[in-house]
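The values are calculated or read from the model by the stated rules, or taken from the named source; none is laboratory data. Just so it is clear, the model here is predicted, and its values are computed rather than measured. Here the Cβ positions follow ideal geometry from the backbone for every residue, glycine too, while neighbour counts run over all protein chains shown.
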Amino acid sequence: MGNVARPESSRRAATRHFWYNSDTMNKTYTRREFIKLAALSLGSLAFRPFAPQKAGNETGFVVRVAAASVSVYAQPDDTSRIVQQRYRDELVNVYHEIVSDKGPGYNPVWYRVWGGYMHSARLQTVREQLNPVVERIPAGGLLAEVSVPYTQAYMPGPRDTWSEVYRLYCDTLHWVIALDEGPDGGPWYRLKDELNDAEYHVPAEHLRIVRPEEMSPLAVDVPPEKKRIEVSIEKQMMWAYEEDRLVFSTKVSTGVLKRDRSINGIPTATPVGEFRVISKMPSKHMGGGQLTNDLEAYVLPGVPWTTFFDGTGVAFHGTYWHTNYGMTMSRGCVNLRPEEARWVFRWTTPVTEYGEIEKRGYGTRVIVT
C-alpha cells in the first residue's frame, strides 16, 4: 500500500489523540513529577503517563493502529488516493466495516473512518474496560488480561524514580505477582516477565483477572489420540478434528517465506511435517528480552495462549499486532485471533492447570502441509 510524507499539521493533530506528549516520553520520572503531570491531565488531555485517550466512539467501534503508520484512502481500494496517515497506537473510530470488491482477495475487509477508508490488516479492535482491583494476590500469582487499548509499564528505580519500559497492549496476558502503590499513589499491579524475570508495574484497573473456567480444558471426553490439527500453508487455513469430525476451522497467518533467517538464526518459514504439542504457556514473551520503551523494537511481552509444537519455538498463538489472516505474516508461528488461540490452548493436550506458567508433555498431533 502507498505512503505519503507526514505534514506538520498531521503531526500536531496526532498528538491530540493521546494523553502522551512527545516531549515527555522516554523519560524517567520522580514520584512527585509523575503525580504532578497526572494531576494536570485531569483538566487537560495533554498528558497521561500510562494510557491512551478515550476515542469517544458511540456508534461503531475503536481500533488501534498496530504498525508504524497506516494510510487512509479516499476509497476502499489501495490504488485510490491517500488522504492521510495514522500512526502507531493512535485510536481510530470506525463507523462501519466494508468488504471491498477491490480486495485484496485474502482479506477484503476495510473500515470506514473519518476522512476515508483504512484496510484492516494492521488495525487491532480494542475495548476500554476498567476493572475492580484484586487486593489479595496468591503466592503463585494471577493471570491477567489487558482490557484497555494499551497500558504503559513502569519500573521503580533509585531515589523514588519510575522509568518507562514496555507498552502492553489489549488482549495480552501477564502474570500479576503483587499489588503495590504506583507512582501516582494509586493501586498498581506488579507483573513478572517470564522471559527475563523483570518486574514492572501497570495500573491495576487496566488488567482483568482471568478466571479459571476461561482456560479449563475442552472436549475432555474425547480420547487425546483422536484429536488432531491440520494447517495448510498454501491455503492459510487451520482445521481441528475429533477423529474425522471437523470441530473448528479458521484462517491463519503462517511464516513469511524468506531466504534469510530471523534474528535468532531460525528460518521464518513455518516448518512442514507431523508434530506434537510439546509445551503450552498462557503468557509468553516473544522476540527480544531486552528492557526497552522503543515502540519499534522486536519485543512482544504477553503473547496470549501459546501452544508450541516444534522445538525451534514454533507455536499457535494469539496476535495483537495484525489482523491480516489469510496471508503469511509471522516469523514461523501460526498466528490466530486471541479468542481462537484460547480455543486451541484449551482443546489441545497436555492439559494446563490454572496458575501454571508452562505445561510440557507429549500432546495433540499437528500436521502442517
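Quick notes on this structure:
- If you go through region 83-128 and keep only what is acidic (D, E) and free of Cβ contacts under 8 Å to residues at least 60 places away in the same chain, you end up with E97, D101.
- Here D221 passes the criteria (1) outside the structural domain of R167 (by TED's automatic domain parsing); (2) under 19 Å from H317 (Cβ atoms); (3) surrounded by fewer than 17 Cβ atoms within 10 Å (Cβ to Cβ) except the one numbered (2).
- Where strands (runs of 3 or more DSSP E) fall wholly inside region 250-369, the ranges with 2 or more residues that are of a type in the set (A, V, I, L, M, F, W, C) and either within 13 Å of V231 (Cβ to Cβ) or not assigned by TED's automatic domain parsing to the domain that holds S232 (or both) are 315-318, 334-336, 365-368.
- Matching residues, region 55-104, being at pLDDT 95 or above and polar (S, T, N, Q): S69, S71, Q75, T79, S80, Q84, Q85, N93, S100
- Qualifying residues in region 235-249 (those that are assigned to a loop (DSSP other than H, G, I, E, B) and free of Cβ contacts under 8 Å to residues at least 40 places away in the same chain) - the one surrounded by the fewest Cβ atoms within 10 Å (Cβ to Cβ): D244
- Which listed residue, of L207, L173, is closer than 23 Å to M286 by Cα, modelled with pLDDT of 95 or more and touching a Leu at 6+ places or on another chain (Cβ under 8 Å): L173
- If you go through region 196-217 and keep only what is closer than 30 Å to W239 by Cβ and buried (at least 17 other Cβ atoms within 10 Å of the Cβ), you end up with V210, M215.
- Set S253, S279: member being of a type in the set (S, T, Y), under 24 Å from N107 (Cα atoms) and at pLDDT 95 or above: S253
- Within region 71-90, tally of residues that are out of contact with any Phe, Trp or Tyr (no Cβ under 7 Å at 6 or more places or on another chain), part of a loop (DSSP other than H, G, I, E, B) and crowded, with 19+ Cβ neighbours inside 10 Å: 1
- Note on region 264-305: residues that are farther than 18 Å from I367 by Cα, surrounded by 20 or more Cβ atoms within 10 Å (Cβ to Cβ) and among the charged types (D, E, K, R) total 1.
- Members of region 130-143 that are in contact with a Phe, Trp or Tyr (Cβ under 7 Å, 6 or more places away or on another chain) and among the aliphatic types (A, V, I, L, M): L143
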